[in-house]
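One structure is given here, and the rest of the page talks about it.
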Amino acid sequence: MSDSSLLPVRIGLLDSGVGGLSVLREIHTLLPGAELHYVGDSAWCPYGTKSSEVICQRVFEISDYLLSRGAEILVIACNSATIHAVGALRASYPLPVVGMEPAVKPAAELTRSGVIGVLATEASIAGEKFHQLVSTHARGVRVITRPCPRFVELVEAGQLTGPEVESAVDEAVAPLLEAGADVFVLGCTHYPFLRGVIESRLPAGTKVVDTGPAVARRVKSLLDSNGDDGRRSACPTATPSILIETTGPLETLNRLLPTLLPHLTVKAGHCVI
Ligand code: DGL
């Protein structure tokens with residue numbers, strides 16, 4: 001093993017705001033030694049109501065920034081950004097780009113009622129890539145979509161529990177339950193932060209699926225296939241470092257981090273992109 005193999009891998013992540021931290025925590029759990037550099041584009045949050053052009057422009061600007069700071073793998077920790085920009089990113093950058101899409105395929109395999117509910121942003125649901133996903137992986141299954149912009153606002157405000165969250169969840173899931181959905185897809189990276197409340201408001205036996213753990217496994221398999229075999233990322237001598245930057249106010253990020261990532265030691269900063 002050469003000396004360079006003892007260095008931690010630098011993984012760049014981005015999202016419209018703090019939602020992608022739900023993906024960061026999955027990656028950190030699987031690869032505790034990996035160096036993570038996250039940018040939350042809170043100044044432009046939400047992406048879910050923005051046009052494809054605006055989303056693409058922001059995603060490219062932030063990706064350029066992450067690359068200029070040494071990212072070796074890029075993780076688009078945002079379904080909306082993946083759906084609208086991942087093809088162009090992969091064609092433009094010479095490094096692995098890991099994206100994420102709503103977990104329609106596993107949901108279609110799990111359903112017994114033949115109806116699945118996909119909670120995702122307006123931008124994701126409108127994207128061509130999402131329609132392809134449904135037509136390829138959910139044949140014979142009824143897919144009901146529901147944008148939940150309020151969930152994003154609640155998470156950005158650090159409100160993960162309580163009556164306001166419960167009523168937002170009840171309102172979002174009611175029509176889907178009525179239609180017979182027995183599997184719910186958390187198709188936006190903000191939503192896993194509300195998973196506890198979402199599960200508590202669904203009837204027993206209803207399943208909830210999220211893409212975060214699969215993204216972490218994908219990142220690990222990329223490292224393994226590079227011959228790292230997990231050694232670089234899991235090396236006990238490597239100093240794990242997590243840098244979380246926001247394009248919004250640093251005070252807001254500092255206030256949210258203990259709620260969103262309670263057990264992680266991270267460095268927070270502000271960046272202008
Ligand atoms: N977290 C993002 C996603 O996964 C976007 C939320 C938003 O900014 O609307 O789609």
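We did not get these values from a lab; they are worked out from the coordinates using the rules stated. Keep in mind the model is a prediction, meaning the values are calculated, not measured. Positions of Cβ are generated from backbone atoms using ideal geometry, with glycine treated the same way; all protein chains shown enter the neighbour counts.
Taking region 179-230 on its own, how many of its residues are more than 16 Å from the ligand (Cβ to nearest atom), assigned to a loop (DSSP other than H, G, I, E, B) and closer than 26 Å to ARG142 by Cβ?
Qualifying residue count, region 179-230: 9.
Inside region 1-93, counting only strands (runs of 3 or more DSSP E) that do not spill past its ends, which hold 2 or more residues that are of a type outside the set (A, V, I, L, M)? Quick ask: steps written out before the conclusion?
Details: elements: 10-15, 35-40, 73-76.
Ranges flagged: 10-15, 35-40.
Each row is one residue, and each column tells you yes or no for (1) within 22 Å of ALA120 (Cα to Cα); (2) hydrophobic (A, V, I, L, M, F, W, C); (3) touching an Asp or Glu at 6+ places or on another chain (Cβ under 6 Å).
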| site | (1), (2), (3) |
| --- | --- |
| VAL9 | no, yes, yes |
| GLY17 | yes, no, yes |
| ARG25 | yes, no, no |
| TYR38 | yes, no, no |
| ALA43 | yes, yes, no |
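Please specify each residue of region 147-164 satisfying the condition of being without any contact (Cβ under 8 Å) to a residue 24 or more places away in the chain, in a loop (DSSP other than H, G, I, E, B) and more than 16 Å from the ligand (Cβ to nearest atom).
GLY162
Specify the residue that is surrounded by the most Cβ atoms within 10 Å (Cβ to Cβ); the eligible residues are those in region 20-36 that are in contact with a helix residue (DSSP H, G or I) (Cβ under 6 Å, 6 or more places away or on another chain) and not hydrophobic (A, V, I, L, M, F, W, C).
Checking each candidate, the answer is SER22.
Out of SER124, SER167, SER135, report the one residue that is within 25 Å of CYS45 (Cβ to Cβ), without any contact (Cβ under 8 Å) to a residue 24 or more places away in the chain and either among the hydroxyl-bearing types (Ser, Thr, Tyr) or buried (at least 21 other Cβ atoms within 10 Å of the Cβ) (or both). I'd like the intermediate steps shown before the answer.
Values: SER124 fails: without any contact (Cβ under 8 Å) to a residue 24 or more places away in the chain; SER135 fails: within 25 Å of CYS45 (Cβ to Cβ).
Residue meeting the stated conditions: SER167.
Would you mention how many residues in region 104-125 are of a type in the set (Asp, Glu) and more than 21 Å from the chain's Cα centre (by Cα)? Show your work before the answer.
To start, the set of residues in region 104-125 that are of a type in the set (Asp, Glu) comprises 109, 122.
From what's left, more than 21 Å from the chain's Cα centre (by Cα): 109.
Final tally of qualifying residues: 1.
Would you check which residues across region 94-104 are assigned to a loop (DSSP other than H, G, I, E, B) and under 18 Å from TYR191 (Cβ atoms) and list them? Talk me through it step by step, then tell me what you get.
Just the residues of region 94-104 that are assigned to a loop (DSSP other than H, G, I, E, B), to begin with: 94-96, 99-103.
Matches in region 94-104: GLY99, MET100, GLU101, PRO102, ALA103.
Tell me which of these GLY70 doesn't satisfy, since it passes every other one: (1) touching a residue at least 12 places away in the same chain (Cβ under 8 Å); (2) within 12 Å of the ligand (Cβ to nearest atom).
Status for GLY70: all satisfied but (2).
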